[in-house]
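The block underneath contains the structure these notes are about, expressed in structure tokens.
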Amino acid sequence: MTSDIDQTSPTDARTPLVGCVFVGTSVDGFIARENGDFDWLTAAGDALGETGYDEFFAGVDALVMGRATFDTVSAFPEWPYAGKRMLVLSRTLVGTAGALAQPDTTAHATLDDVLRTLAAEGLHRVYVDGGRTIQSFLRAGLIREIVISRAPVLIGTGIPLFGPLDADVHLRHVSTRELGAGFTQSRYEVLAEA
């Protein structure tokens, strides 16, 4: 699946970074329960069908996520990001020996530190994951593509995908399709500021 999203002109012309989001939410916009659990998202199992995640993942150079998301995925039986560079945005992990046991993983205290590292390593297309990290990248104008798979469930409260922004973020709807088990998936391009 080739993306219909213009990946050649990032929002900030000073950086070649293309931030991409591929995330699942409840219909009411939550990425996890307040305790971080997302059992409602994985309950569909194989009935969900092909989501395009494997192709998306193959097309990114690196991942950036926050501490809470990193802690969640680190507890998985198998590391899901083998072969990809991982940058964890966390003030508390920086400088802690042995905290980042996963290969190719480093902690960075600030978004500026993350951006400097990505630029120094020549990493351009970046998978951004975790609610607060996605929000930080959006506020900085660094997200170019958003793919949201919506589970047919209302959970009422939890960790929101989106939060306060400094200004409106305008999107271009690229496509929406039905997945299995009642899920829908929408793709958006984040438009450059005028």
Enumerate the calculated ³J(HN,Hα) couplings along the range 31-39 in order (Karplus 6.51 cos²θ - 1.76 cosθ + 1.60, θ = phi - 60°), each rounded to whole Hz, writing x wherever the residue is Gly or Pro.
-> 9, 6, 5, 4, 8, x, 6, 10, 4
Considering amide H positions built from the backbone, and no H for Pro or chain starts, which residues 5 or more places from Val169, or on another chain, come under 5 Å of its amide H?
-> none
Once you charge only the Cβ atoms, +1 for Lys and Arg and -1 for Asp and Glu, what is the size of the charge dipole of the chain about its Cα centre, to the nearest 20 debye?
-> 340
Tell me, what are the semi-axes, in whole angstrom and largest first, of the equivalent ellipsoid of the range 18-190 as set by the roots of 5 times the Cα gyration tensor eigenvalues?
-> 25, 19, 16
By the C-alpha gyration tensor axes a ≥ b ≥ c (rounded if a/c is under 1.5, else prolate when a/b exceeds b/c, else oblate), the shape of the range 12-63 is oblate
Helical contribution to [θ] at 222 nm, DSSP H n ≥ 4, -39,500 (n - 2.57), averaged over the chain, rounded to 500 = -5000 deg cm²/dmol
Sites matching trypsin sites (Lys or Arg not before Pro) across the range 145-183 that sit in DSSP coil, with at most 16 neighbouring C-beta atoms within 10 Å = none
Loop-exposed GluC sites (Glu not before Pro) per DSSP, neighbour cap 15 Cβ within 10 angstrom, longest uninterrupted part of the chain | 122-192
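Values quoted throughout were computed directly from the atomic coordinates according to the rules given, and no laboratory measurement underlies them. Please read these numbers as outputs of a predicted model, since none were measured by experiment. Quick reminder, even Gly has a Cβ in these numbers, built from the backbone with ideal geometry, and neighbours come from all protein chains shown.
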